Amino acid sequence: MLELLRSFGLPVGISNVSGRIDEITVIVHYLMLVLFIGWGIFFIVSLIKFRESKNSKANYKGIDSHYSSILEAAVAVIEIVILFGFAFPIWAERVNNVPDARDAEHIRVIAQQYAWNIHYPGADGKFGDTRIDLVDEQDNPIGLDRSSEFGKDDFYTINQLHIPVNKKIRIDLSSKDVIHNFKLPELRVSQDAIPGMTIPVHFTATSTSSDFLKTAIGTKREGKSLEIACAQLCGLGHYRMKGYLTIHEQDNYLSWLDEQAEYLEEEEGDDDDDWGDDDW
């Protein structure tokens with residue numbers, strides 16, 4: 001069943017929870033298949049058994065058998081088992097076992113129409129303050145206060161999320177405007193971003209982007225990078241609210257962080273030297 005679902009577009013799972021979520025998905029689809037076949041047979045039998053030519057006079061007594069009630073109860077029991085045996089435990093794990101920021105790679109994601117703002121804490125591992133009066137959609141979309149205690153080395157990207165492989169990731173998710181949905185299909189992550197709330201999302205990627213691309217050879221995903229999708233209709237530009245996820249080996253991730261720190265230093269140097277060395 002899992003291979004059949006993948007042939008219809010279900011991506012390969014590359015997170016610590018993807019196996020369990022795929023297991024529920026398979027069980028639910030088997031249940032839906034049984035219900036589809038069962039109700040289809042019931043419908044056809046009903047058409048034949050209660051056709052007008054055989055039952056010209058209506059029978060108001062109905063059916064004496066209780067088979068349908070037994071079947072309905074069985075379906076309800078199966079659904080309860082799926083909810084309490086599979087879905088609720090996974091959801092409880094995701095909600096209750098949020099890793100401490102000190103034990104995970106801590107990142108902030110701020111959604112807006114129609115972009116993902118990714119905020120990294122810099123070398124000190126602590127986020128600087130953000131202020132709404134500093135928000136500038138061109139130069140400072142998250143309102144980062146560089147003068148705050150921990151804000152000097154922070155940096156942000158737009159629509160580009162970089163994370164290390166095989167390490168706990170904690171994302172604090174929020175929204176600047178309307179409800180969005182932060183979705184990483186291959187990692188089986190999907191969480192609404194709600195204005196006025198900061199919602200923690202955590203996961204561990206089990207494959208790098210390059211390894212994923214190798215597994216996608218020969219499938220519909222061949223040559224396509226990992227994406228960040230908005231799975232909530234958020235306005236007229238919803239169709240273009242797309243970001244990209246890159247999963248690195250730990251050393252490559254640290255190198256990428258160093259590159260961002262160098263870019264930040266260069267930008268600060270340019271700002272400090274706007275007029276100093278010009279010859280007039």
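The values are calculated or read from the model by the stated rules, or taken from the named source; none is laboratory data. Note that this is a predicted model, so its numbers are computed, not measured. Backbone-built Cβ (ideal geometry, glycine too); neighbour counts: all protein chains shown.
Restricting attention to region 208-223, the residues being surrounded by fewer than 14 Cβ atoms within 10 Å (Cβ to Cβ), among the charged types (D, E, K, R) and modelled with pLDDT under 80 number 2.
Pairing each residue of region 225-250 that is on the phi > 0 side of the Ramachandran plot and outside any strand (DSSP E or B) with any residue that is surrounded by 15 or more Cβ atoms within 10 Å (Cβ to Cβ) and not hydroxyl-bearing (Ser, Thr, Tyr), provided the two are 6+ apart or on different chains, yields C-beta distances under 8 Å for 235/113; 235/178.
In region 190-212, the residues that are not assigned by TED's automatic domain parsing to the domain that holds residue 172 never reach a residue that is among the polar types (S, T, N, Q) and surrounded by 15 or more Cβ atoms within 10 Å (Cβ to Cβ) with C-beta atoms less than 7 angstrom apart, at least six apart or across chains. Of all residues in region 1-32, those that are more than 24 Å from residue 94 (Cα to Cα), modelled with pLDDT under 85 and in contact with a helix residue (DSSP H, G or I) (Cβ under 9 Å, 6 or more places away or on another chain) total 3. The condition (being farther than 29 Å from residue 263 by Cα, surrounded by 11 or more Cβ atoms within 10 Å (Cβ to Cβ) and of a type in the set (Lys, Arg)) is satisfied by just one residue among 108, 94: 94. Restricting 142, 90, 107 to those that are assigned by TED's automatic domain parsing to the domain that holds residue 205, of a type in the set (A, V, I, L, M), within 25 Å of the chain's Cα centre (by Cα) and not in a strand (DSSP E or B) reduces the list to 142.
Checked against the criterion of being of a type in the set (D, E, K, R) and touching an Asp or Glu at 6+ places or on another chain (Cβ under 6 Å), the candidates 167, 126 yield just one match: 167. The residues of region 224-254 that are of a type in the set (D, E, K, R) and either under 21 Å from residue 5 (Cβ atoms) or buried (at least 16 other Cβ atoms within 10 Å of the Cβ) (or both), listed by number, are 224, 227. Among the residues of region 65-81, just one is over 17 Å from residue 40 (Cβ atoms) and acidic (Asp, Glu), namely 79.
Within region 184-203, being in contact with a Ser or Thr (Cβ under 6 Å, 6 or more places away or on another chain) and not aliphatic (A, V, I, L, M) holds for 188, 195, 198, 203.
Tell me, please, whether a residue that is buried (at least 19 other Cβ atoms within 10 Å of the Cβ), touching a residue at least 12 places away in the same chain (Cβ under 8 Å) and among the basic types (Lys, Arg) can be found in region 126-136. Within region 126-136 (the criterion being buried (at least 19 other Cβ atoms within 10 Å of the Cβ), touching a residue at least 12 places away in the same chain (Cβ under 8 Å) and among the basic types (Lys, Arg)), the answer is no, since none of the residues qualifies.
When each of 149, 79, 72, 52 is tested for being farther than 21 Å from residue 201 by Cβ, in the same structural domain as residue 204 (by TED's automatic domain parsing) and either exposed (fewer than 15 other Cβ atoms within 10 Å of the Cβ) or not acidic (Asp, Glu) (or both), the lone residue that passes is 149.
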